[in-house]
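**Q** Right, I'll just put the structure down here and ask away after.
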Amino acid sequence: PLNPIAVRLVQNGSRRARHMYIRSGYLAALILVLLWVLVLRTQGGGELSYRDLAAAGASAFTWIAYLQIALICVLAPVFMAGAIAQESSPRTWDILLTTPLSAAEIVLGNLLGRLFFIIALLLASLTLCALTQYFGGVPGTSIFTSYLIAGCAALFVGSVAISLSVSRLVGKRAVFAFYVSV
């Protein structure tokens, strides 16, 4: 966590307005889907039973979990594409090689620094998924399992992006090819 490359990436990325808009849009999409599913499932008029509320909560969680994994697969390349484009520049690579960091520290610093934003997205939406437990029908293990799957998908996408940037056999077109393949 104290890797200088990871710290630099987190500090620089946190100041970008684009990242703030991406995080806001991500949470807004999840909130809208949650509200939409809850309103759709509880629109019967009259009083709702606990069973209906539990079914609505379970349905809302299912929609949010699938949407979250889809959004992580769409947004992870956005955060990771910078690794491919930035490290493919010969000037950046030469400067990195002059630092006292080992090759593993450079690669892991890039991965952890860029993966931080995706993990922050997942943690920001954790309270939203926990909210579905108030309606019932959603066990805590299901929530943590869905987050584990989303985190593993983000780690896989990030690892592929960092391996492409380390190989240095790629150019600007690789960013597009990487995004389309994910």
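Quick note: the coordinates plus some simple rules give every number you see, no bench work behind them. All values derive from a computational prediction rather than experimental measurement. Note: ideal-geometry Cβ built from the backbone for every residue, glycine included; neighbour counts use all protein chains shown.
**Q** Once fully extended, how much extra length lies between Ala70 and Cys152, figured as 0.36 nm per residue of separation less the alpha-carbon to alpha-carbon distance?
**A** Answer, rounded to one decimal: 28.2 nm.
**Q** Additional query: Under 16 Å from a point 7 Å along the Cα-to-Cβ line of Met20: which residues of the stretch 112-153 have their amide N that close?
**A** none
**Q** While we're on this one: Could the peptides 27-40, 144-157 be put in order, highest first, of the mean number of other beta-carbon atoms found within 10 Å of their residues?
**A** Those peptides, ordered most packed to least, come out 144-157, 27-40.
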